[in-house]
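Asks: Below is one structure. I have some questions about it.
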Amino acid sequence: MTEQPLLFRMEGISKRYGGVKALQKADLSVHAGRVHAILGENGAGKSTLIKVMSGVVAPNEGRMLMDGKDVIFPNPAAANAAGIVCIFQELSLIPDLSVADNIIVSNPPTRFGMIDRRAQRRLAEKALARAGAEDIHPLALVKDLPLSRRQIIEIAKALGRNPRLLILDEATSALTAADVTKVFEVLKRLKAEGIALLYISHRMHEIAELADDCTVFRNGQKIATYEAGTRSDNEVIEMMIGREYQHVFPPKPAPVAHVKTPSLEVRNLSWAPQIRDISLTAHAGEVVGLGGLDGQGQRELLLALFGVLRGTSGTVLIDGKPVDIKSPRMAKSSAIGMALIPEDRKTEGLMLPMSVLDNLSFAALSSFSRGGLINRKAEAESIDEMIRLLAIRTDGTSVPAGSLSGGNQQKLVIAKWLMLKPRIILLNDPTRGIDVGTKQEIYQLLRKLADSGATIILYSTDYDELIGCCDKVLVLYDGAVKRVLTGPEITEKILVASALNIDVTEEGAERHASEEA
């Protein structure tokens, strides 16, 4: 398959967590100067695989070889010392420290027994440049940067350790399209330098562009290894899920002329400079999409509707009545009935060390309480119903939420808010970083909720989702709604053109939307 030298090999690796077999007799060969993609659904064993490789967990059986010699990594520091560096999907940055502090945190340069700040900044600048992120100031606080910038810093931090084998676990899931392009350039340069790259992503187009070799895992077992480009997407997905695959979104209802009052109406909502004079209407049973390039005000719009932001102007109406949503508590009250599925499930959606039960019941605890006492029977019945409804794979409700796979964690976030039986559901890129099987389950759930009368506002960075799920799409540009698409207008061509503030006419002629008069 390749003439590049074999750098790292795993043979018969197994890992068990109690009665759960996360890995079963797994084999993997990684060559220098090659990009090796690992494919599989959430829960297929990918995360456990890279945790074993990077010294986070020890295997129950099997062996690992590097440069043909047996190696054992008792901890991540030992793996780092051997040249294996991992960028996990869960960020490891310290928000209250600067970018430079985070990048050089493990081994800062010293002078006279103290950290040499000038040398630290130079090293951080070098790492940022290597990651294609010269525009990030090394003295900026991480907490002041958006999620996409933090992900780039995580990559720069890894490159600062001079890896021989760089493992990337959904490292582009939080990046803007421009950032992804930069990261791809960096990875291709690292590959040319002879660095081995292990790449995990659910984005098939990224695999097609980057990968040289691919290995598919399912239920903790290796299914196949093949050279990139020799299998079709459908063949790969069928290997991943173990059954015939068709990428089918649930059918949309036929368009109707709405005569009832919108369940949600927004008039000239602003929060300068991120959102400007946004107006929209959404009816019961309708899925309204928010499109456009990342960072055009979509997230701020959802936060403003949910009462998170201060200093907004404009009017929000629920069932035709103006409301002043001053806090999330007010948003989720029975009078309004709103829920927000946040962008980052790890930090904003779940309390990872706490149990599945605690996470599910937290938002709806008041509905199970009377006189300060919790009705445990009613709570348990509601939780069991949610686990069945969303097909959450968990080894009981007492296990920590952090022990679930990424897709099941995302289902947990959604289930937590569905416990409140909301009428208006705001979703912030809900399928980011999860597998194709779980995505389809979420698509089916969204349509089922809409059919039952819920109003859904869906922001997604995936054009296919906007096309397949939404009855109407508002394309945002520079914090304002530039175009509203309905029916046959919701196509990839028009979505992309509108996101770039270009108008595509029916005849195909293009011009900047700002030139319309």
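Asks: Give the residue that is most open to solvent (accessible area, probe 1.4 Å), with candidates limited to residues of the range 12-32 that are within 26 Å of GLU206 (Cβ to Cβ) and in contact with a Pro (Cβ under 8 Å, 6 or more places away or on another chain).
Replies: Among them, the one singled out is HIS31.
Asks: If ALA211 meets every condition in (1) under 25 Å from the mean Cα position of the chain (by Cα); (2) open to solvent by 20 Å² or more (accessible area, probe 1.4 Å); (3) more than 29 Å from GLY297 (Cα to Cα) apart from one, which number is that one?
Replies: The failed condition is (2).
Asks: Within the range 57-69, is even one residue assigned to a loop (DSSP other than H, G, I, E, B), in contact with a Lys or Arg (Cβ under 8 Å, 6 or more places away or on another chain), among the β-branched types (Val, Ile, Thr) and within 23 Å of SER405 (Cα to Cα)?
Replies: Looking through the range 57-69, at least one residue is assigned to a loop (DSSP other than H, G, I, E, B), in contact with a Lys or Arg (Cβ under 8 Å, 6 or more places away or on another chain), among the β-branched types (Val, Ile, Thr) and within 23 Å of SER405 (Cα to Cα).
For every residue, the table says whether it meets (1) open to solvent by less than 60 Å² (accessible area, probe 1.4 Å); (2) under 25 Å from ASP435 (Cβ atoms); (3) of a type in the set (A, V, I, L, M, F, W, C).
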site	(1), (2), (3)
GLY55	yes, no, no
ASP67	no, no, no
VAL71	yes, no, yes
ALA100	yes, no, yes
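Asks: Filter the range 355-406 for residues that are of a type in the set (Asp, Glu), open to solvent by 20 Å² or more (accessible area, probe 1.4 Å) and in a helix (DSSP H, G or I) and give the result.
Replies: ASP358, GLU381, ASP384, GLU385
Asks: Of everything in the range 266-305, what is more than 26 Å from LEU500 (Cα to Cα) and out of contact with any Lys or Arg (no Cβ under 8 Å at 6 or more places or on another chain)? Give them in sequence order.
Replies: Scanning the range 266-305 gives a single hit, GLY285.
Asks: Answer yes or no: is there a residue in the range 414-435 that is closer than 28 Å to ILE383 by Cβ, of a type in the set (S, T, N, Q) and touching a residue at least 24 places away in the same chain (Cβ under 8 Å).
Replies: yes
Asks: Taking the range 67-113 as the search range and keeping residues that are under 18 Å from PRO163 (Cβ atoms) and among the hydroxyl-bearing types (Ser, Thr, Tyr), which one is modelled with the lowest pLDDT?
Replies: SER106
Asks: Also, I was wondering about something else. Would the range 216-225 turn up any residue that is small (Gly, Ala, Ser), in contact with a helix residue (DSSP H, G or I) (Cβ under 7 Å, 6 or more places away or on another chain) and within 11 Å of ILE38 (Cα to Cα)?
Replies: So far as the range 216-225 goes, yes, one or more of its residues are small (Gly, Ala, Ser), in contact with a helix residue (DSSP H, G or I) (Cβ under 7 Å, 6 or more places away or on another chain) and within 11 Å of ILE38 (Cα to Cα).
Asks: It is to be established whether one or more residues within the range 309-327 are within 27 Å of the chain's Cα centre (by Cα), of a type in the set (A, V, I, L, M, F, W, C), open to solvent by 40 Å² or more (accessible area, probe 1.4 Å) and modelled with pLDDT under 95.
Replies: No, every residue in the range 309-327 fails to be within 27 Å of the chain's Cα centre (by Cα), of a type in the set (A, V, I, L, M, F, W, C), open to solvent by 40 Å² or more (accessible area, probe 1.4 Å) and modelled with pLDDT under 95.
The values are calculated or read from the model by the stated rules, or taken from the named source; none is laboratory data. In this text, all values refer to a predicted model and were calculated from it rather than measured experimentally. Cβ: placed from backbone, ideal geometry, glycine included. Neighbour counts: every protein chain shown. Side chains are part of the model used for accessible areas, which takes the heavy atoms of the whole protein and leaves out ligands, DNA and RNA. Shrake-Rupley method; radii C 1.70, N 1.55, O 1.52, S 1.80 Å.
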